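Working notes, structure below.
Here, each number is a calculation from the coordinates, and none is a lab measurement. The structure presented is a predicted model; accordingly, all values stated were derived computationally and were not measured. Note that we place each Cβ from the backbone using ideal geometry, even for glycine, and neighbour counts take in every protein chain shown.
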Ligand code: HEC
């Protein structure tokens, strides 16, 4: 995976959001499957208008209001918003 990040940086693209691990799930007290779903949704729904956002792109206390806005723009339904928000907040703890 490391070479991928290097290639992304060299080409000036944003590296993809990190893949959640069991350690992330433990630390955040969230099931790993939910973190993976959140990441998948982020990749599928949030990269249309700008680069796919990364967990550190907004301060922790800014994400909820930002998600109010972006979930409407992305047309999220049901649990999708919650899953994405949960993923970015859980992964942000890792930094
Ligand atoms: C329909 C287009 C569109 C979609 C889809 C979209 N965004 Fe955005 N996003 C924008 C625009 C436009 C801005 C910058 C201007 C603004 O803040 O209003 C932005 C800005 C952002 C920022 C930076 C905010 C800041 O304060 O710097 C983040 C983070 C973000 N979006 C996350 C997301 C996430 C997460 C999703 C998926 C749920 C998403 N966006 C989907 C249009 C979109």
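The figures follow:
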quantity	calculated
Hydrodynamic radius (Kirkwood) for segment 15-95, which is based on Cα pairs only, to one decimal in Å	12.4
Net length gained if the chain between residue 65 and residue 40 were fully extended (0.36 nm per residue, minus Cα distance)	6.9 nm
Cα-projected label distance for residue 21 with residue 82, points at 7 Å along beta-carbon direction, nm	2.8
